Structure formats: C-alpha cells, structure tokens
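Please treat every number below as a calculation from the coordinates, not as lab data. As the structure is a computational prediction, the values presented were derived from the model and not from experiment. FYI the Cβ positions are ideal-geometry reconstructions off the backbone, even for glycines, and counts take in every protein chain you see.
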Amino acid sequence: MYIGHYGVAFAMKKKFNQIPLWLMFISVQLADFLAFIFILLWIEKIHSVENPNPFYRVVIDYLPYSHSLFSTFIFSLIIFLVFWKIKNKTWGLVLWAWVLSHWFLDLPFQKSNLPIFFDSYQVGFWLWDYISLSFITELVFVSITWYFLYHNNPKIKNMVILILILLTSWFFTFVTFIKDPENIENSSNAKIIILLIAYTIFTIISYFSERKEKINL
Ligand SMILES: [Zn+2]
C-alpha cells in the first residue's frame, strides 16, 4: 500500500486532535521510511523487474527489519514507550497503533512476501493482482477518511489539506500508471529515493496544514 496509509491518520485525527498530523504521517509510514533507509544502506534488499502489473515492478527480496510483523511490533513498542515517557499514555497508545497499522494494511495488497518473524513465514493476500481494484481502494480510503472524518476540523487549513490530497493522489496515479523512464526502471534505488522524497514532502505539507496553538503572553 502507498498513500492509503494516510487514511488511518485522517480517520483518527479528530479524536486525538492534540497529536500533530505530521507525527501521524511519520507513524503510519514508519515501516516504509525504515525500509527506504535500510535499502539505501544495503541492510535490506529489493530489485526492479519488467512486469505489466505496475505493483509488481518492485520485487521484495529481503525486508526483515522494516516489514516483518515482529519487528514492526518492536518498533511500535519503542514508539509507545518513548511517547508515554515524553507525553502521556494516550499519545503512546495512539502512535503505537498507527505504527502497527502499516503492516496490517500492507497485508491484503502484497503477494505472499510480507514476513511475520524476520524473514520467515511470508504472507499476503494478493490484492495487487487486481490493478484497478487496488488503485481505487487506496484512493477511496484516503478520500473518505479525509472528507468525512477530517475535513472541516477547526485545527486545519482546509486548502492546504486539499492540496495535500490532490498531490498524494496525483503521485499515486503517477507511480501506478506512468511507465518509468529507462534509467529509473533499472534502478530500484532511484525509485526508493523518489518515494522517500515524496513521503517527506507529504509530511512537511501536513506540518503546515495545522494551525499552531495561539500563545498567550
Ligand atoms: Zn510498506
């Protein structure tokens, strides 16, 4: 799953309005951020192939640390303990759930290569076999959670969030349907860097989408 993860942040944001959106954006995508970094550091491995299905042009070889259920749980636990300590238990629990949500949302889409314990017991429900259905599912999930659960939140600037939704949707359409230029097609690292930059930009925009609390002097 790509941008659909942000739907989890939109779905719960109003209920936990004190937690900033940018922090939620990092939490729900923490597994991918870690994967990008680990791949660029040669700790984890993917490779690119020719495939008529755009979702299978990147093949997972080895993602035991960023994308196994066990390690996702460990990372989410660390996040829980850190935010319980520096903020409170609610922050810890909410961020724990958001970090963990990544694995469970990747599960239906991946073919059987999402590991449970490090590199072992790989699972997945193959939704990416159905290109249009997978594409629409992600877009609809983000749009519904944004519009019905987050739109018109007094803390947000609606226009900035609208730009964010349009930008994420355009990017997702681009990565799904536009054929990669030759040089990118051959370089999985180039794809990883593009995704890393895109997710970072989305996070920065989410930071500017929220009104800062007024400080009374
Ligand atoms: Zn992922």
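Arrange the following residues from fewest to most other Cβ atoms within 10 Å of their Cβ: SER66, SER27. Let's see the in-between values first.
Values: SER66 22, SER27 27.
Ranking SER66, SER27 by Cβ neighbours within 10 Å, fewest first, gives SER66, SER27.
Start at zero, step by 10 Å, and the Cα-Cα distances of the range 1-46 spread as 26, 42, 23, 9 percent across the bins.
Residues with beta-carbon under 13 Å from that of GLY4, excluding GLY4: net charge, scoring Lys, Arg +1 and Asp, Glu -1? Present the calculation step by step, with values, prior to reporting the outcome.
Working: positive: none; negative: ASP32, ASP106, GLU138.
Charge balance in the 13 Å sphere: -3.
For every other residue with a beta carbon closer than 14 angstrom to the beta carbon of ILE43, add +1 if it is Lys or Arg and -1 if Asp or Glu, then tell me the sum. So the environment of ILE43 carries a net charge of -2.
Once the piece of chain linking ILE204 and PHE104 is laid out straight, how much longer is it, given 0.36 nm per residue of separation minus the C-alpha distance between them? Don't skip to the end; give the middle numbers.
Values: separation 100, 0.36 × 100 = 36.00 nm, distance 2.50 nm.
My answer for the length gained is 33.5 nm.
Taking a sphere under 9 Å around the Cβ of HIS67 and counting the other residues whose Cβ falls inside, with K and R at +1 and D and E at -1, yields a net charge of -3.
Give me the tail of P(r) for the chain as a percent: Cα-Cα pairs with distance above 32 Å. Please list the in-between numbers first.
On the way: 3895 of 23436 pairs.
Of all Cα-Cα pairs in the chain, 17 percent lie more than 32 Å apart.
Listed by chain and number, the aspartates and glutamates placed with their C-alpha closer than 13 angstrom to that of LYS179 are GLU50; residues fewer than eight positions away on the same chain are left out. A straight Cα-to-Cα reach below 21 Å connects LYS111 with the lysines LYS45, LYS191, residues fewer than 8 places away in its own chain not being considered.
Counted by neighbouring Cβ atoms within 10 Å, the residues PHE171, PHE10 run from fewest to most as PHE171, PHE10. Under DSSP H, which helices of the chain have Cα atoms covering 18 Å or more of the helix axis and a Kyte-Doolittle average no less than 1.6? Length and hydropathy pass: 69-86, 131-144, 158-177, 188-208. About its Cα centre, the dipole of the range 5-208 is roughly 1060 debye, where the only charges are +1 on Lys and Arg Cβ and -1 on Asp and Glu Cβ. The lysines within cross-link reach of LYS14, meaning a Cα-to-Cα straight distance under 29 Å and a gap of 8 or more places when in the same chain, are LYS85, LYS87, LYS89, LYS155, LYS157, LYS212, LYS214. Here the relative contact order of the chain, from alpha carbon pairs under 8 Å that lie six or more residues apart, stands at 27 percent.
Adding -39500 (n - 2.57) for every DSSP H run of four residues or longer, then dividing by how many residues the chain holds, sets the calculated 222 nm ellipticity at -18000 deg cm²/dmol.
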